[in-house]
Amino acid sequence: MRRQIDKLLLGAISPPFLISLTVLTFVIFVRELGRLSELFITRNASLAVIAWIAGTIVPGILVFSLPLSFLIGTLIGMSGLSAESQITALRACGVPLRRLILPIIGLAVVVCLLTSFLSLYVLPRSSDMLSSLKYQISLRQAASQVRARVFNEDFPDVVFYLDDLATDRQVWSRVFVADSSDRDAPKIILAREGMWLTDPGGGRLQLHLIDGRIYQVDPQDKTRDNVSLFASTDIPVGLNGKAAESSGNGAARSPQKPVEMSTTALWRGFPGASKVERRDRVIELYRRLALPFSVLGFALIALPLGVSTGKKGRTAGFVLSLLLVVFFYTMLMNGIRLASVGRLTPWVGVWLGNFILLALGIILLINAEQGGRLGRLVQEWRWKSRRTDAGAITPSGLPASSVIITWPVVSLCGRVARRCVPKVFDYYVSKGFLLYLGWSALACGALFIVLTLFELLDDVVRNQVPLIIVADYLFSLIPQILVLMVPMAVLLATLIHFGILEKSSEITAIKAGGWSLYRVAWPVMILSGLVCCGLFLVQDYVLPYANMRQDRLRNLIKGRPAQTLNPQRKWIFGESGRIFNYDHFDATQGVFVGLRVFEIEMSGLRILRRIEAARATIFRSGSWILENGWLHDFRPDGVGVERLDKKEFNFPEKAAYFKRELFEPKESSKLTFLELKRYIIYLQKSGYNATELQVELYKKLSLPSSALVMALLGVPFSFSMGKRGAFYGIGASVVIAMIYWGVFSMFEQMGSYGLLIPALAAWAPNILFAAAGLILLLTIRT
């Protein structure tokens, strides 16, 4: 008997636990798919290295997803047994509720031990290993970041422009380099070819240039230039402008953060560390212990809550699990924050959430064992309040005024309704789909927010950020969460809803009534199309402004200095081979400070003229006035060197040409579709290779459309699942979503690196998966 009870409980909990673990782990991991696919496309890392990186990411995900999945699985499993009256039957047979907790506690201990092993041993090692791997591939990844026909300004003291790039991205053609490593004697280099030479041991890159000229300002006489020819030369380039520390294997390493330190090192103590460092490391140690032990609190609280759901079933269990997740991690974050500012001791601050969970679980378990005494007290209080207010309720009656509708009007409305208004079954299908769509989006969004909170926790504590600012940031993050998570929620809702209808034989009854499966799926397709339109509106009219706000708040949380959202371009390609470089540009007055103009003949790899001015002004008439500078004319019939006290030039570029700011591709989410399209046209005119931005432009249409693609793919899968039900649908949706987002990230990177045209790169995943969905839909028996 005992074994049968244990088997019943574990059999009810295990499927939702495993499915929740798969879904949650994938939702978190999907954030890393873009970066991994970029490494694969650019050949910066081998397949083995990419798999190794993915393996180092997974432990950090499992530390969070294991406790959450256990809570969700327990609540859903117990709620399902309660809805089917199996808990009532067991208690009627004399099985006490405390007996049911034993297999749940046993499973919780197993999950706790596994999470503890990951948190205490695997996660620190994987974090340290991931840091090493990131640095090792950063040298090779730097080469993949170089783009043709754009000024590459991501490297310290070096700015370069290349006119063309080979297909393998290894060899550059017609290269312009501005080397300011020597502030007293900056150099301008023109070369026929260029390429990267990596130096992993020294933590640097070598920019190898072939066949060119070097124009260097004479440090003794600023009015003179030294011009020299070279067959080949190398320029060392540092990474990120940071001095690196050499580790034992020769790779540069930064000092270890507490999260990267081993648990043994944290446990031994911290001689020589400051008070703040010791406190941060103690908090990290307690956090590694507190997260796994939260499973025991979840176990105590999940049983009475799951049993108390009654006929509400698994949906109620799912809702309760989400509320508990938000509650626990909010308490944990606040406790760590209070401990970090010294208001609570570290062990109390970190363990506060666990203490509250355990206390609440014990109270609820005792209450459930005593037959819901607390619940009866609440019901009695509500009944008394209703009786008190009963006298205020007036008897219902007919409205004071009514509209008399003649029978012909009623008949006409009836005929119109029968033809145009959706049927009762359409409402039934739509209601179920929207219900599961809401819960799926809420689950994915809640997980995204929880992970974001943990990602920013250290910054919130370090910079003592008020909680109202964190809440404001999370609120501004909602549009981005919707755009990313709703397509997957549509797939989940489709598979779960039709899977349940199929399992309960409702689809069979509908088909027996003469309804085609195509007609049954029609409401879901219409709603998915409306969701696509809604996502596009959110992405185009809400997301740009929300992203600007969340960037400002994120900089505040991170403690970064105030900065403009759209950094100004310092190097820009003008007309007729003219390159402008300046220290500052006042767009309102059309005034440059520290202007440098290079007139270059790229085919001949030589500078024709170099002009420097401390100040330059562009007037509305189009004329330029340059003041306090020099003109160096390198042409054979040129004037040589000329002093510029105040001289007029007639460059064709107007002030508006320099007013536009350069967006990074990731900043394109701050522009609407039409704004981004106009911006790409401007960049193309100014000689900028906007391929990556073009992919982002077409993504603004293809990404919202993925919701309809997910529905088109989910419908045939759900009908082909037979009687397997909702859990099988969830598992299938995870597999489909993993494949889709993997393919989407892969095509996006291929488009960004010029291997596919931008439109095809953005739309190819939708086309492929929509075609697969149509083929499956046409082959099912209707």
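The values are calculated or read from the model by the stated rules, or taken from the named source; none is laboratory data. Values in this document were obtained by computation on a predicted structure and should not be read as measured data. Cβ sites come from the backbone with ideal geometry, for glycine too, and all protein chains shown count toward neighbours.
Would you mind finding the one in 489, 493, 521 that is of a type in the set (Gly, Ala, Ser), crowded, with 21+ Cβ neighbours inside 10 Å, part of a helix (DSSP H, G or I) and under 19 Å from the mean Cα position of the chain (by Cα)?
The match here is 489.
Of the residues in the range 97-120, not one is more than 25 Å from the chain's Cα centre (by Cα), on the phi < 0 side of the Ramachandran plot and not in a helix (DSSP H, G or I). Number of residues in the range 745-778 that are within 28 Å of residue 522 (Cβ to Cβ), free of Cβ contacts under 8 Å to residues at least 24 places away in the same chain and under 24 Å from the mean Cα position of the chain (by Cα): the value is 2. Quick check on residue 613: is it assigned by TED's automatic domain parsing to the domain that holds residue 645 and modelled with pLDDT of 85 or more? Yes, satisfied.
Among the residues making up the range 215-269, those that are among the hydrophobic types (A, V, I, L, M, F, W, C), surrounded by 16 or more Cβ atoms within 10 Å (Cβ to Cβ) and modelled with pLDDT under 55 are 244, 251, 252. Filtered by the rule that a residue be assigned to a helix (DSSP H, G or I), in contact with a helix residue (DSSP H, G or I) (Cβ under 8 Å, 6 or more places away or on another chain) and surrounded by fewer than 18 Cβ atoms within 10 Å (Cβ to Cβ), the range 459-473 gives 459, 462, 467, 469, 472.
Residues are listed down the side, and each one gets a yes or a no for (1) at negative phi; (2) at pLDDT 80 or above; (3) in the same structural domain as residue 305 (by TED's automatic domain parsing); (4) over 24 Å from the mean Cα position of the chain (by Cα):
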| residue | (1), (2), (3), (4) |
| --- | --- |
| 322 | yes, no, yes, no |
| 329 | yes, no, yes, no |
| 337 | yes, no, yes, yes |
| 357 | yes, yes, yes, yes |
| 361 | yes, yes, yes, yes |
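Within the range 84-101, the residues that satisfy the criterion of being within 26 Å of residue 68 (Cβ to Cβ) and surrounded by 13 or more Cβ atoms within 10 Å (Cβ to Cβ) are 84, 86, 87, 97, 100, 101. Evaluate the following for residue 528: is it closer than 21 Å to residue 774 by Cα and surrounded by 20 or more Cβ atoms within 10 Å (Cβ to Cβ)? When the stated conditions are applied, residue 528 passes them. Of all residues in the range 177-195, those that are in contact (Cβ under 8 Å) with a residue 60 or more places away in the chain and crowded, with 20+ Cβ neighbours inside 10 Å have Cβ atoms under 7 Å from Cβ atoms of residues that are assigned to a strand (DSSP E or B) and acidic (Asp, Glu), 6 or more apart or on another chain, in 191/211. When residue 593 is tested against the conditions (1) within 25 Å of residue 212 (Cα to Cα); (2) in contact with an Asp or Glu (Cβ under 7 Å, 6 or more places away or on another chain); (3) at pLDDT 80 or above, the lone failure is (1).
Scoring residue 755 on the criteria (1) assigned to a helix (DSSP H, G or I); (2) modelled with pLDDT under 75 leaves a single failure, condition (1).
Among the residues examined, residue 604 does not qualify as part of a strand (DSSP E or B) and within 30 Å of residue 215 (Cα to Cα). Within the range 115-128, is there a residue that is out of contact with any strand residue (DSSP E or B) (no Cβ under 9 Å at 6 or more places or on another chain) and free of Cβ contacts under 8 Å to residues at least 24 places away in the same chain? Yes, that holds for at least one residue.
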